[in-house]
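**Q** Below is one structure. I have some questions about it.
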Amino acid sequence: MTYFVMNVFFLVPLLVIGLFMRKQLPWRAILLATGALLIITAVFDNLIIGTGIVAYDEELISGIKIGLAPIEDFSYSLAGPLLVAILSKVFGLDNQEKSKR
């Protein structure tokens, strides 16, 4: 299984859920967190790949890279903020009134 297929397996359902919950989610916060994570991922993935700590099988990646980092490695930066926002909403962790009690 390629990294792309694995990413699709996780990202598509998450995006579908996000679309259904689109009016309930804090999109500005999600986008800011996603942007920050993408920048951090670009910097540190290139460092760990460049120093040889991590290597990718070229047959399992698309070949599209940002620096040394395969594009597929950025999927967790896309999924993380959306997943946290969805789970926070589902479990009621986003309600600030509860934290004031």
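What follows is calculated from the coordinates using simple rules that are stated; it is not laboratory data. Predicted model only: the values in this text are computed from it and were never measured. When we count neighbours, we look across all protein chains shown, and the Cβ atoms used for this are built from the backbone with ideal geometry, even at glycine.
**Q** Does the range 3-91 come out rounded, prolate or oblate, given a ≥ b ≥ c as the square roots of the eigenvalues of its C-alpha gyration tensor, rounded meaning a/c under 1.5 and, failing that, prolate meaning a/b above b/c?
**A** Numbers: a/c = 3.03, a/b = 1.81, b/c = 1.68.
It is prolate, given that a/c is not under 1.5 and a/b is the larger ratio.
**Q** Can you find, among Asn7, Leu19, Ser62, the residue farthest towards the positive end of the dipole of the chain? Put +1 on the C-beta of Lys and Arg, -1 on that of Asp and Glu.
**A** Toward the positive end, the furthest listed residue is Leu19.
**Q** With +1 on the Cβ of every Lys and Arg and -1 on the Cβ of every Asp and Glu, and nothing else charged, how large is the dipole of the range 3-91 about its Cα centre, in debye rounded to the nearest 20?
**A** For the range 3-91, the charge dipole is close to 700 debye.
**Q** What trypsin sites (Lys or Arg not before Pro) does the range 1-50 have in DSSP loop regions with at most 13 other beta carbons within 10 Å?
**A** Arg22, Lys23
**Q** I want to make sure I understand the PRE zone here: with the label point 7 angstrom from the Cα of Phe4 toward its beta carbon, which residues in the range 64-87 have backbone N atoms less than 13 Å away?
**A** 64-65, 71-73
**Q** Quote the FRET efficiency, to the nearest 0.05, computed for Ala29 versus Val54 with a Förster distance R0 of 30 Å and r equal to the Cβ-Cβ distance.
**A** Plugging the Cβ-Cβ distance into 1/(1 + (r/R0)^6) gives 0.55.
**Q** Then there is this: In deg cm²/dmol and to the nearest 500, what is the mean residue ellipticity at 222 nm of the chain if only DSSP H runs of at least 4 residues count, each as -39500 (n - 2.57), divided by the residue total?
**A** Numbers: 4 runs with 62 residues, N = 101.
That comes out to -20000 deg cm²/dmol.
**Q** Give, as a single signed number, the net charge of other residues whose beta carbon lies under 15 Å from the beta carbon of Ile66, with Lys and Arg counted +1 and Asp and Glu -1.
**A** Around Ile66, the charge tally is -2.
**Q** Report the local net charge at Val54: Lys and Arg +1, Asp and Glu -1, summed over other residues whose C-beta lies under 15 Å from its C-beta.
**A** That sum, taken over residues with Cβ under 15 Å, equals -4.
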